[in-house]
Amino acid sequence: MQQYDRNNLPTTDTLHTKSRSQTVITTALLLFAITGLLSGFTFKAMNRPPQSTPPTTNITKQSPVATKTKTPTSSPTTQPTVDVAATSLGCPTATIDPPGAQKPDGTTPYTASLQAVTKGTDGSNKCQGAVLKAPEITCKLWLTKNPDETNKALTKDSYALLKDLNNLEQPIPNEEQGALVFSSNTQSLQPCHNDGTASWQYQVSTSVQPGTYYLVYVVDWKGKRFNWSYMQVTIAA
């Protein structure tokens, strides 16, 4: 049987003292490490560069621009070109204002008017067609007592008198010369308007004897196309 010397064995007190010292040291080191770690976090937090705030972008709202709408303008109406040579000239429609007997007093005003027309099947002579609106038509008005003799003069030598506009500037055969006193803005021979109309303002001369007469309305296009109409008028006593 073996025997042990208790004095040679470590005592319990010594063990307890060593263990307590080691625990204190370990705890101190642990606390020191934790403190260092916390200090590091604190240092980083204190020395972190401040975050820069992104610049504010101002958005400008652009107001819509009103668009001006152009109002279409209508183009001016132009008179269509009419081939008078093809349509020819019918007997012009004739009017007089005021209607009725006319006074040979040299003061009472009268207005005679005409409208050029194409050839057709209307009218007393079956020679009136549609309204003709064309330029370059010459118009003439005069007074005659004998329409038959006037017809002969106008148709003589294949309408020679009407084929030359210069002839219309002269007194017409069988014309009652000086019977119509035209106003200052009217002439016996004048260009028709581009719409084929013409008018004359006149008074009846005191030299005209009472009776039945005829106003002669002539239309002539360049001496190539021509026609005429009669309107009966009564010259009062």
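If we count every other residue with Cβ under 11 angstrom of G129's Cβ, Lys/Arg +1 and Asp/Glu -1, where does the sum land? Mind showing how you got there, number by number?
Details: positive: K119, K126; negative: D122.
That sum, taken over residues with Cβ under 11 Å, equals +1.
Using Cα-Cα distances under 8 Å and only pairs 6 or more residues apart, what relative contact order does the range 89-235 have, in percent? Display every interim value, and only then the final one.
On the way: 343 pairs, mean separation 52.5, N = 147.
Result for the range 89-235 is 36 percent.
Starting from the range 110-183, pick out the trypsin sites (Lys or Arg not before Pro) whose DSSP state is loop and whose Cβ has at most 13 other Cβ atoms within 10 Å. Numbers along the way, then the final one.
Values: sites: K119, K126, K133, K140, K145, K152, K156, K163; in loops: K119, K126, K133, K145.
Sites meeting the loop and neighbour criteria: K126.
Read-outs: derived from the displayed coordinates by stated rules, not from any lab. Small disclaimer: the values here were computed from a predicted structure and weren't measured. No Cβ is skipped: glycine too gets one built from the backbone with ideal geometry, and neighbour counts run over all protein chains shown.
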